[in-house]
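This report refers to the structure that appears directly beneath it.
The values are calculated or read from the model by the stated rules, or taken from the named source; none is laboratory data. The structure displayed is predicted, hence computed values, not measured ones. Positions of Cβ are generated from backbone atoms using ideal geometry, with glycine treated the same way; all protein chains shown enter the neighbour counts. Ligands, DNA and RNA are excluded from the accessible area calculation, which covers all protein heavy atoms including side chains. Shrake-Rupley method; radii C 1.70, N 1.55, O 1.52, S 1.80 Å.
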Amino acid sequence: MKKLYVSLLALAALAAQPQLAKADDWSYDFENFATLYGDHYANSSFDMTINGLKWHCHGVSYSKNEDYDWYNGTQSMELYGESKKDRSKGPEITVFQLLTPRDIGTVKFTVHEYNLHPASSGWQVSWIVEWSQDGTTWSKVGDSFQAGSEAQTVERTVNQKNAYVRIVRADYTTFDYKTVTSNSKITNFDDLTITDIKGGPAAATLTASKTEVDFGSLAMGKSKKDTVVVKYSGVEGAGKPSYKLDGTDTASFKYTLNQTAEGEDSLFITATAQHSGTATASIAITYGELTAGVGLTLVGTKPRPNILFSGGEGTAESPYLISSKEDLQELSRLVDEGTQTFEGNYFQMTNSIDMKSVDNFKPIGNQLRGQGADNMRLFKGNFDGGGYTITGLKAYYDTGLSVGLFGVIYDATIKNLNLTASTIKGASSVGGIVGFSQGTSVIENCHVGSDVTVSGTNFVAGICGTAMLVGKLTISQCTNAAAVTGNYAAGIMSANSQDGTLIERCGNTGKITVSEYDGGGIMALSEYASTHFKNCYNTGTLVFNGTQQWGGGILGNVHYIVQGTTKVTIENCYNAAPMTQNYKVAPIIPGNNVVPEEGTMGYNKARLSVTNCYYAADLSTSAETVEGVSPLTSASMKEASFLTSLNQGQPVSYWVFKDGVNQGYPVPEGTSTTTAIGSVNSSTKAAVSVVGGKIVVSGNVDSYQVYDLNGRRVDASVSAPGVYVVKIITNKDTQTVKVIKR
């Protein structure tokens with residue numbers, strides 16, 4: 001009896017195990033998928049059996065609209081590239097995964113884009129096929145793929161016994177699916193076939209025992225260890241995998257590597273809480289063409305509750321340390337409470353910060369409570385980004401005033417900061433870095449990336465929305481590549497009403513879309529104030545959608561007190577960008593319209609001074625009528641002679657070319673002093689002149705050469721105005737002469 005009882009237990013245990021499916025070829029054309037699928041939403045997680053194989057689905061739907069959803073027949077499977085979480089089960093990656101183990105030879109299917117989510121508009125994501133021996137650890141098979149407008153067949157060879165297979169986003173290890181709030185980016189799959197093993201090499205293997213290691217909460221300075229086992233095989237000549245620690249908080253993690261068996265490595269990972277708040281990084285693993293990753297996370301806690309941020313005293317010698325999203329949120333909260341402005345205090349970022357998981361960041365200093373000084377919360381500190389990057393910032397305030405990373409600053413300094421992959425939206429005074437500046441403030445060496453959007457109703461710009469009331473603002477060495485949309489839209493700053501404001505060595509490459517009122521490549525409006533532009537450029541397209549607009553490649557409009565002394569000056573600047581012609585638009589500034597000279601058709605030269613500025617005439621639909629502006633071709637503005645023109649008369653050769661930057665146009669990032677002219681010897685008896693636009697040397701000379709002030713040799717037929725050095729060679733000596741070509 002006892003023997004029978006044991007046998008029954010063994011049979012019961014065997015029945016509970018996943019049963020290996022019969023290893024014949026298996027196929028499914030999805031023509032009855034809708035019937036099997038039932039009434040599920042795209043974000044649901046569920047299991048289903050198709051032709052004897054059990055599958056797990058998340059982000060899976062079906063389509064039967066013959067206009068755009070099917071490849072052949074009338075139905076296909078939809079796999080959502082972005083699928084929000086099932087509220088009852090929490091977040092999960094989008095996946096179509098085999099739950100019934102079987103021998104797997106090849107996996108073959110057809111993909112095509114969902115026509116309402118075309119690849120040409122960026123709606124398609126990349127997918128990858130993976131296989132697993134245990135249904136838990138996965139190895140990639142072949143390259144990733146992405147659907148397009150034409151149907152394509154994808155085939156991957158696995159050749160593994162008793163295995164599992166799945167289709168997932170190719171970047172699922174780094175994609176932040178936990179914060180996805182909508183269903184989108186559909187790819188259609190059809191005609192799926194799994195064959196039996198029919199010979200050939202097995203798929204290579206690269207698996208990590210854990211794809212995420214969460215070290216939990218650690219007091220600052222404390223450490224914790226964990227181990228990840230990596231197994232690999234089948235890549236001929238690849239040897240061992242390579243490992244790389246990457247991410248925003250690499251200083252918080254380290255690892256050592258040991259080979260614990262043939263085809264097996266152990267990663268011994270140590271996490272140390274270097275700062276307050278969340279720290280993340282990853283270990284990228286590469287083995288031949290296969291890749292895997294291990295995400296690392298810890299949350300640093302303060303050892304004492306009275307510590308601000310991640311430490312520091314707030315002095316210039318010991319600044320407050322900003323090292324995490326929690327530190328930025330703490331700074332925002334303390335200023336918003338109205339008890340702290342941090343006047344005279346110093347802040348230092350210690351690494352880049354990812355803000356993607358923060359739903360809606362409240363600007364540091366803000367005016368979200370409404371108009372009026374009583375509703376303002378001011379930041380008066382000195383914030384040094386250390387050259388690090390804030391990414392994934394979301395600040396959505398449709399009716400909010402003074403919106404940006406910093407909402408309102410007063411006598412503040414913001415410097416050395418980058419903003420990427422972010423969205424800033426407000427009603428008025430909206431900027432990527434600063435919404436509204438008061439007092440004598442400085443924004444220096446700040447850069448907003450091309451994957452940022454900044455939008456609002458009025459006064460919108462890539463760097464700073466507006467500056468007004470007392471003081472003056474200096475914006476120096478800043479660039480914007482973000483798309484900016486709104487009234488009074490501009491690349492660097494929307495509107496200035498502070499006398500003495502200076503914008504120098506700044507540039508815009510982002511597209512500026514002006515909804516109705518004025519706009520500019522650098523600034524939209526100088527409002528009853530003296531504003532100075534020096535060594536600035538615009539290469540970003542300007543689009544004017546209104547019917548009564550002023551606009552310029554550098555400055556769009558000027559409001560000035562007729563009997564006052566305010567003056568706008570623009571020096572050593574250029575515009576090389578397409579501009580839609582709409583009402584009063586000019587390549588640099590529509591001078592005779594915005595500061596007209598009373599009783600004439602010209603402009604008031606006492607109120608507007610433009611010197612040594614240029615524009616690409618072949619990109620402009622209108623000519624510039626302001627003195628001090630010269631038309632060039634866009635091609636000539638990429639030549640060395642253009643640097644000479646821009647740098648003339650300046651103590652530093654600011655303008656330089658940088659490989660791969662600004663479409664080949666110059667940028668004001670040089671630091672070398674202009675010393676070449678000091679060595680010029682003009683005692684030669686040879687005559688130097690400009691004839692027909694060409695520099696000519698006459699007299700008893702053997703040869704001569706022409707150089708710009710950067711020491712680069714140029715052709716004697718230089719077309720651009722500027723200062724040149726002519727090297728004259730005779731049989732007795734070599735002499736140099738300075739030539740100013742006007």
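Computed values, structure above
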{"quantity": "Close pairs from the stretch 273-297: first at positive phi, partner charged (D, E, K, R) and modelled with pLDDT of 90 or more, Cβ under 6 Å, at least 6 apart", "calculated": "G277/E326; G277/D327"}
{"quantity": "Residues of the stretch 301-321 classified as in a strand (DSSP E or B) and surrounded by fewer than 18 Cβ atoms within 10 Å (Cβ to Cβ), total", "calculated": "1"}
{"quantity": "Considering residues of the stretch 592-615 that are assigned to a strand (DSSP E or B) and touching a Gly at 6+ places or on another chain (Cβ under 9 Å) only, the residue modelled with the lowest pLDDT", "calculated": "P596"}
{"quantity": "Whichever residue in the stretch 322-363 is assigned to a loop (DSSP other than H, G, I, E, B) and of a type in the set (D, E, K, R) and, among such residues, is nearest to N382 (Cα to Cα)", "calculated": "E343"}
{"quantity": "Odd one out for V335 among (1) touching a helix residue (DSSP H, G or I) at 6+ places or on another chain (Cβ under 9 Å); (2) surrounded by 13 or more Cβ atoms within 10 Å (Cβ to Cβ)", "calculated": "(1)"}
{"quantity": "Answer residue from the stretch 184-226, given it is among the basic types (K, R) and in a strand (DSSP E or B) and is least open to solvent (accessible area, probe 1.4 Å) among those", "calculated": "K185"}
{"quantity": "Residue satisfying condition, being among the hydrophobic types (A, V, I, L, M, F, W, C), modelled with pLDDT of 90 or more, surrounded by 14 or more Cβ atoms within 10 Å (Cβ to Cβ) and in a helix (DSSP H, G or I), within set A271, A251", "calculated": "A251"}
{"quantity": "Considering residues of the stretch 647-667 that are in contact with an Asp or Glu (Cβ under 8 Å, 6 or more places away or on another chain) and surrounded by 14 or more Cβ atoms within 10 Å (Cβ to Cβ) only, the residue farthest from G540 (Cα to Cα)", "calculated": "Y654"}
{"quantity": "Counted residues, the stretch 553-568 - those being more than 16 Å from N496 (Cα to Cα) and modelled with pLDDT under 80", "calculated": "3"}
{"quantity": "Residue identified as free of Cβ contacts under 8 Å to residues at least 60 places away in the same chain and touching a Gly at 6+ places or on another chain (Cβ under 6 Å) among E527, E571, E516", "calculated": "E516"}
{"quantity": "Top-ranked residue in the stretch 395-426 [being open to solvent by 10 Å² or more (accessible area, probe 1.4 Å), modelled with pLDDT of 95 or more and part of a strand (DSSP E or B); ranked as farthest from L368 (Cα to Cα)]", "calculated": "N416"}
{"quantity": "Hey, F96 over 22 Å from K198 (Cβ atoms), touching a Cys at 6+ places or on another chain (Cβ under 8 Å) and surrounded by fewer than 21 Cβ atoms within 10 Å (Cβ to Cβ) or not", "calculated": "yes"}
{"quantity": "Residue count for the stretch 364-421, restricted to those that are among the polar types (S, T, N, Q), over 21 Å from G312 (Cβ atoms) and under 23 Å from the mean Cα position of the chain (by Cα)", "calculated": "4"}
{"quantity": "Complete set of residues in the stretch 428-473 that are small (G, A, S) and over 23 Å from the mean Cα position of the chain (by Cα)", "calculated": "S428, S437, G439, S441, A467, G471"}
{"quantity": "Residue that is in a loop (DSSP other than H, G, I, E, B) and hydroxyl-bearing (S, T, Y), where the choices are T153, T173", "calculated": "T173"}
{"quantity": "Of all residues in the stretch 686-742 being among the polar types (S, T, N, Q), in a loop (DSSP other than H, G, I, E, B) and over 30 Å from S634 (Cα atoms), the one that is modelled with the lowest pLDDT", "calculated": "N731"}
{"quantity": "Matching entry among V442, V454 (being β-branched (V, I, T), crowded, with 21+ Cβ neighbours inside 10 Å and not in a loop (DSSP other than H, G, I, E, B))", "calculated": "V454"}
{"quantity": "Condition check for T256: of a type in the set (S, T, N, Q), closer than 29 Å to T389 by Cα and either outside any strand (DSSP E or B) or open to solvent by 30 Å² or more (accessible area, probe 1.4 Å) (or both)", "calculated": "yes"}
{"quantity": "Filtered residue count, the stretch 89-114, keeping only those that are modelled with pLDDT of 85 or more and closer than 21 Å to Y62 by Cβ", "calculated": "15"}
{"quantity": "Candidate set: the stretch 496-539, residues that are in contact with a helix residue (DSSP H, G or I) (Cβ under 8 Å, 6 or more places away or on another chain) and hydroxyl-bearing (S, T, Y); chosen: the one surrounded by the most Cβ atoms within 10 Å (Cβ to Cβ)", "calculated": "Y537"}
{"quantity": "Exclusive hit being polar (S, T, N, Q), modelled with pLDDT of 65 or more, more than 22 Å from A577 (Cβ to Cβ) and within 45 Å of the chain's Cα centre (by Cα), set S653, S636", "calculated": "S653"}
{"quantity": "Extreme residue, farthest from G293 (Cα to Cα), among residues of the stretch 153-183 that are open to solvent by less than 50 Å² (accessible area, probe 1.4 Å) and of a type in the set (S, T, Y)", "calculated": "Y164"}
{"quantity": "Leading residue by the ranking (most open to solvent (accessible area, probe 1.4 Å)) among those in the stretch 606-644 that are more than 18 Å from P587 (Cα to Cα) and not acidic (D, E)", "calculated": "A606"}
{"quantity": "Scan of the stretch 457-492 for residues that are touching a residue at least 40 places away in the same chain (Cβ under 8 Å), farther than 19 Å from S526 by Cα, open to solvent by 10 Å² or more (accessible area, probe 1.4 Å) and of a type in the set (G, A, S), ordered by number", "calculated": "A481"}
